[in-house]
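A.B. asks: The following block contains the structure, expressed as structure tokens.
The values are calculated or read from the model by the stated rules, or taken from the named source; none is laboratory data. On a predicted model such as this, the values are computed, not experimentally measured, just so you know. Cβ atoms come from the backbone with ideal geometry, glycine included; neighbour counts cover every protein chain shown.
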Amino acid sequence: MTDIVIHDAIVLTVDDRNRLFERGTVAVDDGRITAIRPSNADDELVDADAVIDGGGMVVLPGLVNAHTHLEMTPLIGAFSDLDLLEMMGSGIALFNRLGEGDFEYLVEAGYELAALNFLVGGVTTVNSMDIRPSTGAETFGDAGLRGFFGPVITDLFWDTPVDEQFARARSFIDSYHGSYDGRIRATICPHDDWSCTRSLWERTADLAAEYPDLPVHTHLLELEESNTMARANGAGDSIALLEDVGLLNNQLIAAHFRIADDDDIHRVAAADASVAHCPSVFCYWNPDGETQWTPVPELRAAGVDVGIGIDDHYWHDSYSLFGEARQTRLAANLERGAGQFSSMELVRMLTIEGARALGVGDEIGSLEPGKRADMILLDVDKPKFTPLTNIPAQVVNNAAPADVASVIVNGDIVMRDRDVQTMDPAAIQESVESAVERFEASSGWNLDISKGDPPSAVETVHDLPKCGPVHLLSRLAFQSVKDRLRL
Ligand SMILES: [Zn+2]
């Protein structure tokens, strides 16, 4: 007997031909899609464990959040109205305390809240770079979701000893990679190209060589300082540094890639590396207003898979990956003129290109027989979707998390008709509320219903890492002087 049959739905396959069935049937067995075809009159009578009437629904692949950080999720609202400097200062102080093992209860609540809110919003896969990802792997695994997780590694951002960071990374890989029926996978996460020394990149490359199947997930060409630090690290620029150490290859997932020039695009395309585009973070916290916008159309034209990520969603208060697709379009059109993407291209970036960026495009990201059954049902029988024309545009311009009716991951129904099957939303709300109360009492943050206030500047400075950032800033300053003098 078949496990699941969805019949009489609009099916947006996102296959190579972008096939769209007006009245389609999808069958799932043993975790995989077994058939996609036009519906027959008697499909509702098919013998299956779950027969889902897809009338008024659009079925599409589960969304892939290609770059994010999840453990501080309960602090949504805390950073929203701070200026950039306050946000960076209080954020780094918090990262440092998390790295030292503080606020474990907040991390636990954060992963539960993130898993729940992304699940109900149609995100079936996340790629999260965090400080203490073990809890995330277990929470997402138990929730029935798919997740790529890895612990941050950096030697100029905080003071955690490098040996300890690599020991944590190795132990995470050995404990979690391939767990939960392969739904949970490990990644290697050097934090970025502006807070890591060459020696850290070399050690990272050694670790990656030991685990050649693992993605290497980093922030790349995010800030003007990226190439400056690469020169301080003895390389021509950021991409050359990765090439020097042996990490410029098809396992690389580069978040942002904002300041990339044509040569950077060409080298990343030639290496078959991938990019995760995260528009909201920079639209919200744009540090300068002068820097160019991420050249996503050029990257895609060069053949680079570009997924979409929500990044630090607790800085810009959103769980909506649909919203990131809309923001991808709006930011690009504002900067460069209308028509930067078709709606279908954005749907592809939300699904199959995100999956390819993570190296799992053969398994998920589109609805095709043989692929793992990760799919969502959007309820489009609503005034907001009437008249129901141009489905790809409705998905990327108009859909919201609340329109997701049902979610299937790996052939298991994890939400049906808005009823979450794998988590207890009320219990999660309660545990998040008590975690945030405890956090306020012990951290100096004040999070009330009118706004969020970080601890005083004195307390923040006290909690900042003492060595890392000082080395970081002095290296950048020294290299800037050398650049100016052309040494
Ligand atoms: Zn990020």
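A.B. asks: Please indicate, with yes or no, whether at least one residue in region 54-77 is over 30 Å from residue 139 (Cα atoms), of a type outside the set (Asp, Glu) and more than 27 Å from the chain's Cα centre (by Cα). Working first, answer last.
C.D. replies: At the first step, the residues of region 54-77 found to be over 30 Å from residue 139 (Cα atoms) are 55-56.
Now narrow it down to the ones that are of a type outside the set (Asp, Glu): 55-56.
When the remaining residues are screened for being more than 27 Å from the chain's Cα centre (by Cα), the result is 55-56.
Yes, region 54-77 contains at least one residue that is over 30 Å from residue 139 (Cα atoms), of a type outside the set (Asp, Glu) and more than 27 Å from the chain's Cα centre (by Cα).
A.B. asks: So how many residues does region 364-397 have that are surrounded by fewer than 18 Cβ atoms within 10 Å (Cβ to Cβ) and within 21 Å of the chain's Cα centre (by Cα)?
C.D. replies: 1
A.B. asks: If residue 102 meets every condition in (1) away from the ligand (no atom under 16 Å from the Cβ); (2) part of a strand (DSSP E or B) apart from one, which number is that one?
C.D. replies: (2)
A.B. asks: Now for a separate question. Could you count how many residues in region 297-326 are polar (S, T, N, Q) and either in contact (Cβ under 8 Å) with a residue 60 or more places away in the chain or crowded, with 24+ Cβ neighbours inside 10 Å (or both)?
C.D. replies: Filtering region 297-326 for residues polar (S, T, N, Q) gives 318, 320.
Narrowing further to those that are either in contact (Cβ under 8 Å) with a residue 60 or more places away in the chain or crowded, with 24+ Cβ neighbours inside 10 Å (or both): 320.
Number of matching residues: 1.
A.B. asks: Among the residues of region 288-314, which ones are away from the ligand (no atom under 16 Å from the Cβ), not aromatic (Phe, Trp, Tyr) and not in a helix (DSSP H, G or I)? Before the answer, list the steps.
C.D. replies: Taking region 288-314 as the starting set, the residues that turn out to be away from the ligand (no atom under 16 Å from the Cβ) are 288-293, 295-305.
Imposing the further condition that a residue be not aromatic (Phe, Trp, Tyr) reduces the set to 288-292, 295-305.
Listed by number, the residues that qualify are 288, 289, 290, 291, 292, 295, 302, 303, 304, 305.
A.B. asks: Taking only pairs six or more apart or across chains, which ones have beta-carbon atoms under 6 Å, a first residue in region 113-131 that is within 27 Å of residue 170 (Cα to Cα), and a second residue that is of a type in the set (Phe, Trp, Tyr) and within 16 Å of the ligand (Cβ to nearest atom)?
C.D. replies: Close Cβ pairs (under 6 Å, with a partner that is of a type in the set (Phe, Trp, Tyr) and within 16 Å of the ligand (Cβ to nearest atom)) amount to 127/148; 128/149.
A.B. asks: Among the residues of region 280-335, count how many are touching a strand residue (DSSP E or B) at 6+ places or on another chain (Cβ under 9 Å), aliphatic (A, V, I, L, M) and under 25 Å from residue 225 (Cβ atoms).
C.D. replies: Total satisfying the criteria: 7.
A.B. asks: Residues in region 377-388: is at least one within 26 Å of residue 16 (Cα to Cα), β-branched (Val, Ile, Thr), free of Cβ contacts under 8 Å to residues at least 12 places away in the same chain and out of contact with any strand residue (DSSP E or B) (no Cβ under 7 Å at 6 or more places or on another chain)?
C.D. replies: No - not one qualifying residue is present in region 377-388.
A.B. asks: On to the next question. Looking at region 268-287, which of the residues that are without any contact (Cβ under 8 Å) to a residue 60 or more places away in the chain and part of a loop (DSSP other than H, G, I, E, B) is surrounded by the most Cβ atoms within 10 Å (Cβ to Cβ)? Please lay out each step first, then the result.
C.D. replies: Quick first cut of region 268-287, residues without any contact (Cβ under 8 Å) to a residue 60 or more places away in the chain only: 268-273, 279-284, 286.
Subset that is part of a loop (DSSP other than H, G, I, E, B): 271-273, 286.
Numbers: 271: 18, 272: 14, 273: 24, 286: 13.
So the residue we want is 273.
A.B. asks: Here's something else I'd like to know. As an exercise: evaluate residue 270 against (1) of a type in the set (A, V, I, L, M, F, W, C); (2) modelled with pLDDT of 95 or more; (3) within 14 Å of the chain's Cα centre (by Cα) and give the number of the one condition it does not meet.
C.D. replies: Going through the list (1) of a type in the set (A, V, I, L, M, F, W, C); (2) modelled with pLDDT of 95 or more; (3) within 14 Å of the chain's Cα centre (by Cα), residue 270 breaks only (3).
A.B. asks: Another question about this same structure. Residues of region 59-91 being within 16 Å of the ligand (Cβ to nearest atom), touching a residue at least 40 places away in the same chain (Cβ under 8 Å), over 14 Å from residue 445 (Cα atoms) and among the aliphatic types (A, V, I, L, M), which ones?
C.D. replies: Answer for region 59-91, where residues must be within 16 Å of the ligand (Cβ to nearest atom), touching a residue at least 40 places away in the same chain (Cβ under 8 Å), over 14 Å from residue 445 (Cα atoms) and among the aliphatic types (A, V, I, L, M): 64, 66, 70, 84.
A.B. asks: Among the listed residues 168, 185, which satisfies the condition of being within 28 Å of residue 115 (Cα to Cα) and free of Cβ contacts under 8 Å to residues at least 24 places away in the same chain? Let's see the steps before the verdict.
C.D. replies: Numbers: 185 fails: free of Cβ contacts under 8 Å to residues at least 24 places away in the same chain.
The match here is 168.
A.B. asks: Still on this structure, I have one more. Out of region 327-343, which residues are crowded, with 18+ Cβ neighbours inside 10 Å and either within 16 Å of the ligand (Cβ to nearest atom) or within 20 Å of the chain's Cα centre (by Cα) (or both)?
C.D. replies: 327, 328, 329, 331, 332
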